[in-house]
Structure formats: structure tokens, C-alpha cells
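The values are calculated or read from the model by the stated rules, or taken from the named source; none is laboratory data. Note that the structure is predicted; figures quoted are calculated from it, not measured. Neighbour counts are summed over all protein chains in view; Cβ atoms, including those assigned to glycine, are modelled from backbone coordinates with ideal geometry. Ligands, DNA and RNA are excluded from the accessible area calculation, which covers all protein heavy atoms including side chains. Shrake-Rupley method; radii C 1.70, N 1.55, O 1.52, S 1.80 Å.
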Amino acid sequence: MEMKDQIDKKKLPVHVAVIMDGNGRWAKEKGQHRIFGHQQGVKSVREITEAAAELGIRYLTLFAFSTENWNRPKEEISALMSLLVTTLKSETKTLMNNNIRLEALGNLDLLPVQVRDGLNETINKTSGNTGMILVLALSYSARWEITNAARKIAMDVRSGKLNPKDIDEQVFSQYLLTHHIPDPDILIRTSGEYRISNFLLWQIAYAELYFVHKYWPDVRKSDFYRAIIDYQQRERRFGKISEQIQLNL
Ligand code: IPE
Ligand code: IPE
Ligand code: MG
């Protein structure tokens, strides 16, 4: 049986989040410049996006550039930004063909204007698509997002719009950038690193973690299927005990 056929379509994760890591090391191992790794990583982005859409995943979030990544060498940042512009242009077709809607998540004001324009263009072009929602986390960090939420809450309290007594987890979530997106069910990180790197800290409270021991440019559809099959074999207990879950209590 093909790996794809082993996936139970009735038990799909609603939201899959991916930390795409290892482009630089992949290139270095081949005696190439880090940028080459980023360029080759685009093919993996296409593969995983297609695989997720074909399976019927509702939300796919890809961590493409973190707030901390602004601290990389200038040349790498500018190459990444140019690559983003060209990739948005070239991949809009893939998004349209697969009925995918694009969204962006992060401190987008920090992005060069060409990237912001490219993003807006693709977001607008795909806004009528009704299939999977692809969320690109760009210039994103969870602590930045949570701090912003706290500031907005403080302002609403000050202006009398919000009573501090009413602040619970539900209300807090509404102040995050992801207020309209369900929490990830599974978080995949490639490259063999076991860390979260400031990604979706609030939202992954109960996500299943899955680590791929390949650099991102080597990741293919089969790796994605393997992650979903593994996810489907896990029991998510949310603090309860196994018997409660099995009896649906
Ligand atoms: C992930 O690959 C892409 C970005 C963070 C932009 P890296 O660039 O982090 O590659 P490694 O981890 O250094 O190999
Ligand atoms: C995390 O990767 C950010 C993205 C994948 C965009 P990094 O490569 O920046 O993470 P650290 O710094 O090694 O933890
Ligand atoms: Mg890295």
C-alpha cells in the first residue's frame, strides 16, 4: 500500500505547522553557499504545500523567517527577501491550481516594500480560493506576538472596552494574530534540531511534536505523509487518562 493510502482521511490534523530548517547546512555539505540551500528549499515548500492540500488539510503554517533571523548577515537577508519576491510570483500558479488561499503572519512592517507588495498581490489573488489556507510566518516571533497582544489588551482595559475580570484564555487568544485560526495539531521541525525557536508558543500548548532528520531541501511528500501517519497513531489526552479518551468522556 502506498504511504498516502495509509492515511485516515477522517482523522486528519486540521492545522499543521512546520519549522522549515536546515537550508544552510544542506548547502554547506554540498560545498555551496547557504543561499543555494534556500533556493533549493523552494521545491520542498511546493511539495509540502501540495501534499497538504491534496490530503485535505485545512491550515498549513510555514515558518519562513523569524524576528531573530533579522540578525543574520545582510547578504543572506537580502538574498532571502529577493527569493521571497520571486517565489511569491512563481508559486501563485501552484496556489491557484490547488485552490489555496495565502495569509501572512508576523511583523510585516519590517519587510522590504517589494516583499510586502508581492505578499499583498498573492494574498489578494488567492483571496477567493476556498481550499487550504497557507499561512506564511514571516518576520514572526511568538514573544513579539504575545507582547503585542498584552499591549492591545492593556489599551482596551484603559479605554474601558475590556474588564480585566473578563480576560481568560479565550479572550487572550482573540488578541493574537492567529485569532481566526485553530491551534496547530502537529508541529513538524526538520533538520534534526529539537527546539521551538520562538514559534507559536501560545498556540502549540497541546500540539504533537514531530521531528524530521533531514534538511529542509531534502524533504518530500513522503516525509509529510510519514508525519501524518505518526500523528494518527498517537493518543492526544489533553490531561485526561486513556480510558476517558477511548470512552469519549
Ligand atoms: C531555514 O534554514 C531557513 C531560514 C531560517 C530562513 P536555515 O537557514 O536556518 O539553515 P541552517 O539551520 O542554518 O542549516
Ligand atoms: C527557525 O530557524 C526559523 C525558521 C525556520 C524560519 P532558525 O534556523 O532561525 O532557528 P535557530 O536560530 O537555529 O533556533
Ligand atoms: Mg536553521
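Looking only at region 203-218, how many residues end up being assigned to a loop (DSSP other than H, G, I, E, B), within 13 Å of ligand 2 (Cβ to nearest atom) and in contact (Cβ under 8 Å) with a residue 60 or more places away in the chain? Break it down into steps so the answer makes sense when it comes.
The first filter runs over region 203-218 and keeps only residues assigned to a loop (DSSP other than H, G, I, E, B), leaving 203-207, 212-215.
After this cut, where a residue has to be within 13 Å of ligand 2 (Cβ to nearest atom) as well, the list is 212, 215.
Okay, now just the ones that are also in contact (Cβ under 8 Å) with a residue 60 or more places away in the chain, so 215.
Residues in region 203-218 being assigned to a loop (DSSP other than H, G, I, E, B), within 13 Å of ligand 2 (Cβ to nearest atom) and in contact (Cβ under 8 Å) with a residue 60 or more places away in the chain: 1 in total.
Take Phe211 and decide whether it is of a type outside the set (Gly, Ala, Ser) and open to solvent by 40 Å² or more (accessible area, probe 1.4 Å). It would help to see each step written out before you state the result.
Values: of a type outside the set (Gly, Ala, Ser): yes; open to solvent by 40 Å² or more (accessible area, probe 1.4 Å): yes.
Considered against the rule, which asks whether it is of a type outside the set (Gly, Ala, Ser) and open to solvent by 40 Å² or more (accessible area, probe 1.4 Å), Phe211 comes out as yes.
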Requested in this report: Among the residues of region 134-185, write down those that are in a loop (DSSP other than H, G, I, E, B) and either buried (at least 17 other Cβ atoms within 10 Å of the Cβ) or in contact with a Lys or Arg (Cβ under 7 Å, 6 or more places away or on another chain) (or both).
Outcome: Ser141, Leu162, Tyr175, Leu176, Leu177, Thr178, Ile181, Asp183, Pro184, Asp185
**Report entry** region 190-202 residues that are closer than 16 Å to Ala149 by Cα, paired with ones that are within 11 Å of ligand 1 (Cβ to nearest atom) and of a type in the set (Phe, Trp, Tyr) (beta carbon under 7 Å, 6 or more apart)
**Finding:** Phe199/Phe63
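Residue-by-condition table, conditions (1) open to solvent by 30 Å² or more (accessible area, probe 1.4 Å); (2) touching a helix residue (DSSP H, G or I) at 6+ places or on another chain (Cβ under 7 Å):
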{"site": "Glu75", "(1), (2)": "yes, no"}
{"site": "Met81", "(1), (2)": "no, yes"}
{"site": "Val85", "(1), (2)": "yes, yes"}
{"site": "Ser90", "(1), (2)": "yes, no"}
{"site": "Thr94", "(1), (2)": "no, yes"}
{"site": "Leu108", "(1), (2)": "yes, yes"}
{"site": "Gln114", "(1), (2)": "yes, yes"}
{"site": "Asp117", "(1), (2)": "yes, no"}
{"site": "Glu121", "(1), (2)": "yes, no"}
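On the basis of being buried (at least 18 other Cβ atoms within 10 Å of the Cβ) and hydrophobic (A, V, I, L, M, F, W, C), does Val14 make the cut? Explain how you work it out, then say what you get.
Numbers: buried (at least 18 other Cβ atoms within 10 Å of the Cβ): no; hydrophobic (A, V, I, L, M, F, W, C): yes.
So Val14 does not fit the description; no.
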Report summary line: Scanning region 89-108 residue by residue, those of a type in the set (D, E, K, R) and without any contact (Cβ under 8 Å) to a residue 12 or more places away in the chain turn out to be Lys93
